[in-house]
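Reading through the structure tokens given below for one structure.
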Amino acid sequence: MHLVAAAEASKKALNEILEPRIVKAKAERKSLGKIVVGTVAGDIHDIGNKIVASMLFAAGFEVHDLGKNVSVSEFIKKAKEVKANIVASSALLSMPLPVQHEVVKALVVEGLRDKVKVIVGGAPVTEEWVKEIGADGFGENAVEAVNVTKKVLNIKD
């Protein structure tokens, strides 16, 4: 109960205070790349996803947050639309985890995999899972997600 209340308060702060200020400042900075993020279909937990999206945005990336319960086709459609450099998917639960693999396979089918890097995250994600599905990396937390994103895009600090 307390965790949900804290999450709602932090989401409100991010949405109403921090993001508008970052958006205003964004006009003065160059984007490091375009990222499509979302929590995969079958999972409605988006607290971690929102934090990662906000951290990526604050780090200088153009972030397109699709929210929670996002289908493979939604990830692909948005990646094409914005010409994404990265698709980042999250799964807090293990049951919808295979959707992350479906995203990678769909990028291959669409001919986008050589142009779009894939970052995955969530509690059940491991380095072994990343290798198994052919993703490019994962972060165990929001700070690591930003670092991994920069690494796979060869961005030097």
### Query
Which peptide among 108-119, 32-43, 91-102 comes first, and what is the full order, when sorted by highest mean count of other Cβ atoms within 10 Å?
32-43, 91-102, 108-119
### Task
Run the dipole for region 81-147 about the Cα centre, Lys and Arg Cβ at +1, Asp and Glu Cβ at -1, nothing else charged, and hand back the magnitude in debye, nearest 20.
220
### Task
Can you tell me how much longer the chain between L93 and N141 gets when fully stretched, taken as 0.36 nm per residue apart minus their C-alpha distance, in nm with one decimal?
15.7 nm
### Task
Quick one: dipole size for region 31-152, taken about the Cα centre, charges +1 on Lys/Arg Cβ and -1 on Asp/Glu Cβ, in debye to the nearest 20.
400
### Summary
Computed from every Cα-Cα pair in region 31-152, P(r) in 5 Å bins starting at 0 and rounded to whole percents is 2, 13, 27, 28, 22, 8, 0
#### Entry: Approximate spin-label separation V108-A123, in nm, with each point projected 7 Å along Cα-to-Cβ
3.0
### Query
Quick one: S89, S54, fewest Cβ neighbours within 10 Å first, how do they rank?
S54, S89
### Task
Give the residue from G122, V72, L97 lying farthest towards the positive end of the charge dipole for region 31-152; charges sit on Cβ (+1 for Lys and Arg, -1 for Asp and Glu) and the dipole is referred to the Cα centre.
V72
### Considering only region 31-152, percent of DSSP beta bridges that pair antiparallel, nearest 5
0
### Task
With an 8 Å cut-off on Cα pairs and a minimum separation of 6 or more residues, tell me the relative contact order of region 31-152 in percent.
27
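Only the coordinates and a few stated rules stand behind these numbers; no lab work does. All figures in this text were calculated on a predicted structure; none of them were measured in a lab. Note: ideal-geometry Cβ built from the backbone for every residue, glycine included; neighbour counts use all protein chains shown.
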